[in-house]
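Heads up: the structure comes next, in structure tokens.
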Amino acid sequence: MAQLWGGRFTGSINELAWNFNASITFDKRFLEVDVRGSKAHATMLAKQGIISEEEKNQILSGFDSILKDVLDGKLEITTKYEDIHSFLEANLIERIGDAGKKVHTGRSRNDQVALDMRLYARDELEHMSQQLLNTLGCLQKIMKDNLDTYMPGFTHLQKAQPVTLAHHVGAYFEMFKRDLLRIKDIYNRMNYCPLGAGALAGTTYPLDREFTAQLLDFYGPTLNSMDSVSDRDYLIEFMSALSTIMMHLSRFSEEVIIWNSNEYRFVTIDDAYSTGSSIMPQKKNPDIAELVRGKTGRVYGDLISLLTTMKGIPLAYNKDMQEDKEAFFDAIDNTSNCLALFTDMLATIQFNKDAMIKSAMMGFTNATDAADYLVNKGMPFRDAHSVIGRLVLHCIDKNCAIDDLMIDELKSFSELFDKDIYDAISLETCVNKRLTIGAPSPECMKKVVALNDEFINKYRIK
Ligand code: ARG
């Protein structure tokens, strides 16, 4: 056990307690960000004359060599150390001697870990933005290819009105677009540097916190040292955004599962993203989509876990906060994996256009348009609704669609029906006449797709 805090103690710690307290098994992920933060701190200490230039140089190259050795597999991060901070400091002292003992001047592990978490989360925010952009690109391609791929739109999982595949996928484009904007918002709110907050009350050393913040690409230093070491809001916001991304992925997964079912056959999932059954030879299961749906609950759990951890702890740092890490790592790993896999699955999925169109033609998706036809001929809407309702009942009885009926039969429901009814309620008309922005007509969707391109380009060029 190589600990940072021996002086005040006469006895040694119980082994179970040591293991219980230690975080190295999971905070070793902070290796790179901890080195980045410590190097910035040492650079600032030297600028302020708190350590010498020579000491700073030793510290910087000491950290570089440790980092390299770990990455090259020459130095192992072991459970001999309590956490990544102790591991790095102990190894630094081992390598460069007395200068290494100065790196923690004017710093506490409380502001150090607060910094590490922010640097790590900030990198992940950037990574998540890129991933979302990639997903948006994939959706955009499907939209462009399917502006006139007709399919039924549903409410209550009952066929409602016809839409297009571009329009349906466009709904998800909007969701992931909001997800991206949320990630950008969180970044803007969280990008402040907590280093220099010390344990909770700042330090008496003349630190230049603005300088450290600048070195680490933060907008500036945080403004309250107690808040700096105990704020985990940005993680909660981030995990909330991740939960929302997962919720969107889960809804989409549910649709893919339904569309892939034997009854629908709207899509064929590529073999690369399907699995078989150990007993039923005919099976090709949408396991990836099901697992994405399943892991959504787990990411929600991570969010609730941290919210619950934070709800009762007084200012400032308390060890409970160490629990932020595993929850956050789990949430980010799973969301990132799910988003990547789902996007790849979608990029290779085959849309069975014939099945979609056939389905849109059945199930009276043009009933509203038939009622609107009568309205345009002068009938009040409520009466038209009732006429078409009776007509639908008649068709159900005859097992046919409204447009399968001959004109005389239609006229027996209302004299207002004329030959132009067939054109008025065709699948093409039902979709193509919906011309208000946001509606499914190819004409409208083209405008939306152009706006989507602008959106993607705006965020791609940083
Ligand atoms: N492993 C700790 C954490 O993750 C680092 C901070 C330790 N600070 C302390 N006062 N014990 O929160």
message: Per q in 0.17 Å⁻¹, report the Debye log10 I(q)/I(0) for the range 72-140, using one uniform scatterer on each alpha carbon and no solvent.
response: -0.79
message: What number do you get for the range 39-99 when its Cα radius of gyration is normalised by 2.2 N^0.38 Å, N = residues?
response: 1.16
query: Could you give the angle, 0 to 90 degrees to the nearest 10, between helix 324-348's Cα long axis and the longest principal axis of the Cα atoms of the chain?
result: 40 degrees
- request: Tabulate in residue order the Karplus-calculated ³J(HN,Hα) for the range 89-103, using 6.51 cos²θ - 1.76 cosθ + 1.60 with θ = phi - 60°, rounded to whole Hz; enter x for Gly and Pro.
  value: 5, 4, 5, 5, 4, 4, 7, 10, x, 4, 4, x, 6, 9, 5
Cα-centre dipole for the chain with unit charges at Cβ (Lys and Arg positive, Asp and Glu negative), debye to 20: 400 debye
query: So for the chain, taking the charge dipole from beta-carbon charges (+1 Lys/Arg, -1 Asp/Glu), which of 142, 351, 26 sits furthest toward the positive end?
result: 26
- line: Rounded to two decimals, the Debye log10 I(q)/I(0) of the range 140-272 (Cα scatterers, no solvent) at q = 0.10, 0.20, 0.22 Å⁻¹ is -0.56, -1.19, -1.31
statement: Checked against the positive end of the charge dipole of the range 180-248 (+1 on Cβ of Lys and Arg, -1 on Cβ of Asp and Glu, about the Cα centre), the farthest of 206, 239, 220 is 239
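Starting from the Kirkwood Rh over alpha-carbon pairs, what translational D in µm² s⁻¹ does the range 316-433 have by Stokes-Einstein at 10 °C and 1.306 mPa s? Present the calculation step by step, with values, prior to reporting the outcome.
Numbers: Rh = 18.3 Å.
In µm²/s, the coefficient is 87.
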task: At 0.36 nm per residue, minus the direct Cα-Cα distance, what do residue 435 and residue 404 gain on full extension? Give it in nm, one decimal, please.
output: 8.5 nm
query: In vacuo Debye scattering of the range 240-374, one point per C-alpha: log10 I(q)/I(0) at q = 0.10, 0.12, 0.20, 0.22 Å⁻¹?
result: -0.51, -0.64, -1.10, -1.21
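Just check the range 109-174 against the gyration tensor rule for me: Cα atoms, a ≥ b ≥ c as the square roots of the eigenvalues, rounded for a/c under 1.5, and otherwise prolate or oblate depending on whether a/b exceeds b/c. Before the final figure, lay out the partial values.
Values: a/c = 8.70, a/b = 2.77, b/c = 3.14.
Oblate is the answer for the range 109-174, as a/c is 1.5 or above yet b/c matches or exceeds a/b.
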field: Isotropically averaged projected area of the range 84-219, using the convex hull of Cα atoms (one quarter of hull area), nm²
entry: 12.9 nm²
message: Above 12 Å lies some portion of the pair distances; for the range 140-193, what is it as a whole percent of all C-alpha pairs?
response: 71 percent
query: If one takes the longest principal axis of the Cα atoms in the chain, at what angle in degrees, from 0 to 90 and to the nearest 10, does the Cα axis of helix 31-47 lie?
result: 50 degrees
- prompt: According to the Kirkwood expression over distinct Cα-Cα pairs, how big is the hydrodynamic radius of the range 43-161, in Å?
  reply: 18.9 Å
Along principal axes, Cα extents of the range 1-42, largest first, whole Å: 36, 23, 11
field: Residues with amide H under 5 Å from that of residue 48, placed H, sequence gap 5 or more
entry: none
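Taking every DSSP beta bridge with both residues inside the chain, roughly what % is antiparallel (nearest 5)?
If I count the DSSP bridges inside the chain, around 75 percent turn out antiparallel.
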- request: Binning at 20 Å from 0, report for the chain what percent of all alpha-carbon pair distances ends up in each bin.
  value: 20, 39, 25, 13, 3, 0
Pairwise FRET efficiency - residue 357 versus residue 313, Cβ, R0 = 60 Å, nearest 0.05: 0.55
- line: Rounded to the nearest 10, the angle in degrees between the Cα long axis of helix 53-71 and the longest principal axis of the Cα atoms of the chain comes to 50 degrees
query: Okay, helix-only estimate at 222 nm for the chain: each DSSP H run of n ≥ 4 adds -39500 (n - 2.57), divide by all residues, round to 500 deg cm²/dmol; what do you get?
result: -20000 deg cm²/dmol
Under-5 Å amide H pairs with residue 160, H placed in peptide plane, nonlocal only: 153, 154, 155
field: Least to most buried among 339, 307, 16, 405 (fewest other Cβ within 10 Å first)
entry: 16, 307, 405, 339
message: Could you tell me which residue out of 172, 157, 386 lies farthest along the dipole of the chain toward its positive end? Charges go on the beta carbon: Lys and Arg +1, Asp and Glu -1, centred on the Cα centre.
response: 172
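Coordinate-derived values only; no laboratory data. It should be emphasised that the depicted structure is a prediction, and the values quoted were computed from it without experimental measurement. Neighbour counts are summed over all protein chains in view; Cβ atoms, including those assigned to glycine, are modelled from backbone coordinates with ideal geometry.
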